[in-house]
Amino acid sequence: MAKRVGIFGGTFDPIHIGHLRGALEVAEQLGFEELRLIPSARPPHRDAPQVSAADRLAMVEQAVVGVPPLRVDDRELKRDKPSYSIDTLESLRAELAAADQLFLLLGWDAFCGLPTWHRWEELLDHCHILVLQRPDADNEAPEALRDLLAARSVSDPQTLSGPSGQIAFVWQTPLAVSASQIRSLLASGKSVRFLVPDAVLAYIHARGLYRAPN
């Protein structure tokens, strides 16, 4: 039987319930054997993370304990270069059987930015793309992606076939939580209880992360 493996990357600075709930919903909806959360080391399209790679990795590890099929993959943190998704997909695909399905989860904003990604035209050679959409979203894809969507999108993510090559949209329960909001609350001394898992909150406090500079 072909395996179904999802990957969900991000700085996770810090990981929060929005990341985790969205990942778990998709994993259950599509029957993934595993969904790998991949912390990025030096994301080429974003500011540098506020805390170290080791701390961000540790928080993700704490967050997924006892939550199959979520697991952590640290391959991007081991690379001494920017975290390009195409490199991650190539290395993952080399570890899987030819028939295994690989799914790249992207938020809408990240998907719209695909034309600026390194070797972005090759992504679908290695995976399917699942675009996470909220029910209240009302956006159009940029012109650079419209031909791709016309050729490669399917209306029902359950019908994605083969190991790679197609795009589908997955509707998500909206959770208005952001890492920047959490960092701001922590810097001002306010509580982020219930916005991050308890184990992540304990780690943040134990390490003194995201405090305002004295």
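Quick note: the coordinates plus some simple rules give every number you see, no bench work behind them. In this text the structure is predicted, and so the values were computed from the model without any measurement. Heads up, the Cβs are rebuilt from the backbone with ideal geometry, glycines too, and the neighbour counts pull from every protein chain shown.
Projecting the Cα atoms of Thr173, Ser155, Ile17 onto the charge dipole of the stretch 4-174 (Cβ charges, centred on the Cα centre) puts Ile17 farthest toward the positive pole. Counting only lysines at least 8 places from Lys3 when in the same chain, there are none with an alpha carbon closer than 19 Å to its own. Neighbour counting of Cβ atoms within 10 Å sorts the residues Glu140, Glu76, Glu25, fewest neighbours leading, into Glu140, Glu25, Glu76. The stretch 20-79 and the stretch 171-214 have Cα centres separated by 16 Å. Across the chain, the convex hull enclosing all Cα atoms gives 128 Å³ per residue.
Placing pseudo-labels 7 Å out from each Cα toward the beta carbon at Trp108 and Ser191 gives an inter-label distance of 3.2 nm. When Ser178, Ser85 are sorted by how many other C-beta atoms sit within 10 angstrom of their C-beta, beginning with the fewest, the order is Ser178, Ser85. Sparse packing (at most 14 other Cβ atoms within 10 Å of the Cβ) combined with a DSSP loop state is found for the following trypsin sites (Lys or Arg not before Pro) in the stretch 1-82: Lys3, Arg46. For the stretch 123-196, trypsin sites (Lys or Arg not before Pro) meeting the loop criterion (DSSP other than H, G, I, E, B) and having at most 11 other Cβ atoms within 10 Å: Lys190. Calculated FRET efficiency, Asp156 to Arg75, Cβ-Cβ distance, R0 = 35 Å: about 0.70 to the nearest 0.05. Can you tell me how the stretch 18-110 classifies by the Cα gyration tensor, rounded, prolate or oblate, using a/c under 1.5 as the rounded cut? In terms of gyration-tensor shape, oblate.
The value obtained for the stretch 61-115, namely the Cα convex hull volume divided by the number of residues, is 137 Å³ per residue.
Let me make sure I get this right: for the stretch 115-176, a, b and c are the square roots of the gyration tensor eigenvalues over alpha carbons, sorted descending. Under 1.5 in a/c it's rounded, otherwise prolate if a/b > b/c, else oblate. Which is it? Cα axes put the stretch 115-176 in the oblate bin. Would you mind classifying the stretch 29-81 by shape? Square roots of the alpha carbon gyration tensor eigenvalues, ordered a ≥ b ≥ c; an a/c under 1.5 is rounded, otherwise it is prolate if a/b is larger than b/c and oblate if not. Prolate, since a/c reaches 1.5 and a/b exceeds b/c.
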